[in-house]
Amino acid sequence: MADVPMNLRARKKAETRDALIDAAFALFRDRGYAETTVDHIAAAAGVSRSTFFRYFVSKEAVVFPYQPYRLERFRQLLATPVAGETGFQTVRRACFSIASEFVATRTRALEQYAIISKTPELRARESEIDYGWEVGIFEHLQTLGTESGRARVIAAATFAAVRATVRGWLADGARGDLLGLGRDAFALLGRGFDG
C-alpha cells in the first residue's frame with residue numbers, strides 16, 4: 001500500500017465517501033431517516049460498519065456531508081478580502097461563492113432539505129451548524145475592529161437573511177435564481193450596514 005500514489009489513494013477515499021453519501025440519501029429517501037441505520041448505509045455502499053465510521057462520526061453527520069468543508073472555505077474567503085472591500089462586502093462575496101455550490105448541487109441540496117424538514121433532531125442540528133456560520137461572520141467583523149455589539153447584530157441579521165433566502169429557494173424546488181435572490185437580500189442588508 002505504501003507504493004500507491006497519494007492521488008490514487010485520495011481518489012479511492014473520495015469514491016468511498018461519495019458512495020456512503022449516495023447510499024445514505026437513497027435510503028433516507030426510501031425508508032426514512034429514523035428507519036435507516038448505519039449498518040444499512042454501510043451495506044448499501046458495499047463497505048463495513050467500521051469503514052463508515054472512518055468517514056462519518058454518526059448517521060446524523062452523513063446528512064450534512066459538505067458543511068464542514070464549506071464552513072472552512074467560507075472562513076478562508078473571509079480571511080482573504082479583496083482590496084477596497086468593506087467588511088460587509090467581503091461577507092457578501094464569501095456568501096455568494098458558497099451559494100454557487102448550492103446551485104451546482106441543487107439536486108442533493110433538495111434531497112437534504114426534504115430529509116431535514118421531516119426530522120426534528122436534524123432541524124436542531126442544522127441550527128447548530130448555522131450558528132457556526134454566524135460566528136464566522138462575527139469573528140471576521142471583529143478582526144476589522146467592528147464594535148462587538150454591532151458585529152453581533154450584523155452577523156445575526158446577515159446569516160438570518162442568507163438562511164431565509166436559501167430555505168425559500170429550496171422550498172420552491174430550487175427553481176429560481178438563488179444568486180439573484182441573494183443579491184436582493186444583500187441589497188436590503190447593505191443599505192443598513194454600509195450606509
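Below is a table of values for the structure above.
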quantity: Test for residue 64: is it touching a Lys or Arg at 6+ places or on another chain (Cβ under 9 Å), among the aromatic types (Phe, Trp, Tyr), surrounded by 12 or more Cβ atoms within 10 Å (Cβ to Cβ) and within 25 Å of residue 100 (Cα to Cα); calculated: yes
quantity: Residue under evaluation residue 75, criteria (1) in contact (Cβ under 8 Å) with a residue 24 or more places away in the chain; (2) open to solvent by 20 Å² or more (accessible area, probe 1.4 Å); (3) outside any helix (DSSP H, G or I), criterion not met; calculated: (3)
quantity: Matching residues in segment 43-61 - criterion: being without any contact (Cβ under 8 Å) to a residue 24 or more places away in the chain, under 24 Å from residue 120 (Cα atoms) and open to solvent by less than 70 Å² (accessible area, probe 1.4 Å); calculated: 58, 61
quantity: Test: residue 83 is part of a helix (DSSP H, G or I) and either in contact with a Leu (Cβ under 7 Å, 6 or more places away or on another chain) or of a type in the set (Gly, Ala, Ser) (or both); calculated: no
quantity: Test result for residue 39, over 30 Å from residue 184 (Cβ atoms) and free of Cβ contacts under 8 Å to residues at least 12 places away in the same chain; calculated: yes
quantity: Residue in segment 116-127 that is farther than 30 Å from residue 29 by Cβ and either out of contact with any Leu (no Cβ under 8 Å at 6 or more places or on another chain) or of a type in the set (S, T, N, Q) (or both) present; calculated: no
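The values are calculated or read from the model by the stated rules, or taken from the named source; none is laboratory data. Quick caveat, the model's predicted, so the values are computed rather than measured. Cβ coordinates were reconstructed from backbone atoms using ideal geometry, including for glycine residues, and neighbour counts include every protein chain displayed. For the accessible areas, the whole protein counts, side chains as well, though only heavy atoms, and no ligand, DNA or RNA atoms are used. Shrake-Rupley method; radii C 1.70, N 1.55, O 1.52, S 1.80 Å.
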